[in-house]
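A quick write-up on the structure given underneath.
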Amino acid sequence: MSELTAQVNELLAAEPALRPVEMARRLEVSEWQVMQCLPAELVCLLSGDQAQHLLEQVAGWGPVTTIIEVAGSVFEVKAPLPRGRSGYGYYNLFGAPGELHGHLKLDAIGHIALQSKAHRGKEAHAIVFYNDDGHCVFKIYLGRDDKGVLFPEQVAAFHALKELQHG
């Protein structure tokens, strides 16, 4: 076990609600480095070249929460992920009003983590996209109904994505 894995395990034991991004700040490493040290029941690691395939899958799932954290600020879009298309070096998302709209530089995605870690005491699952330096580009959390319950069909689809690790 590496020293970093031991430190991550210690943090998990002492503060189980701590998010990987917070662990990374405390340990002064990238969030991706923390992800690589989490137990297998919390994370499934994938290659960045799976990004477009994952985005195409998620586009059919219905409402999700897309999160972008920049310099301590957190931006959220709670809506279905729009379908995209490649062009001019980007994967272009053209959402309806109120949905995500933008241009993703997919060749800048080096790593992906399928994270299953409770958030604020509730079951949570996210697809987290990292650049080659291990910094988070964006996250997509599974959606919840009006009672705060995860959509079961999204949970099943999320777990099915773990097969990409072996494919």
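Bear in mind that the values in this text are calculations on the coordinates, not laboratory data. Not measured: the values here are computed from a predicted model. Every residue, glycine as well, gets a Cβ built from its backbone with ideal geometry; the counts of neighbours run over all protein chains shown.
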(request) Pull up the cross-link candidates among the aspartates and glutamates for Lys117, meaning alpha carbon to alpha carbon under 12 Å and not fewer than 8 places away within one chain. (result) Glu41
(request) Taking a cut-off of 22 Å between Cα atoms, list the lysines near Lys105, but don't count ones fewer than 8 places away on the same chain. (result) Lys78, Lys139
(request) Grab the other residues whose beta carbon is less than 10 angstrom from that of Thr66, score K and R as +1, D and E as -1, and report the net. (result) 0
(request) Using the 2.2 N^0.38 Å rule of thumb for compact globular proteins, work out how the chain stacks up: its C-alpha Rg over that value, please. (result) 1.01
(message) Residue by residue through the range 5-11, what is 3J(HN,Hα) from phi via Karplus (6.51 cos²θ - 1.76 cosθ + 1.60, θ = phi - 60°)? Round to whole Hz and write x for glycine and proline.
(response) 4, 4, 5, 4, 4, 4, 5
(request) Report the net charge of residues surrounding Ser86, where surrounding means a beta-carbon distance below 12 angstrom and charges are Lys +1, Arg +1, Asp -1, Glu -1. (result) +1
(request) For every helix of n ≥ 4 consecutive DSSP H residues, a contribution of -39,500 (n - 2.57) applies; sum these over the chain, divide by its total residues, and give [θ] at 222 nm rounded to the nearest 500 deg cm²/dmol. (result) -7000 deg cm²/dmol
(message) Give me, ordered by chain and number, the residues 5 or more places off Gly110 or on other chains with an amide H under 5 Å from its own placed amide H.
(response) Tyr130, Asn131, Asp132
(message) Net charge around Glu15, counting only other residues with Cβ within less than 14 Å of its Cβ (Lys, Arg = +1; Asp, Glu = -1)?
(response) +3
(message) Spelling out what I want: for every residue of the range 88-105, take phi, set θ = phi - 60°, compute 6.51 cos²θ - 1.76 cosθ + 1.60 (Karplus), and round to whole Hz; glycine and proline get x.
(response) 6, x, 10, 9, 8, 9, 10, x, 5, x, x, 9, 5, 9, x, 9, 9, 8
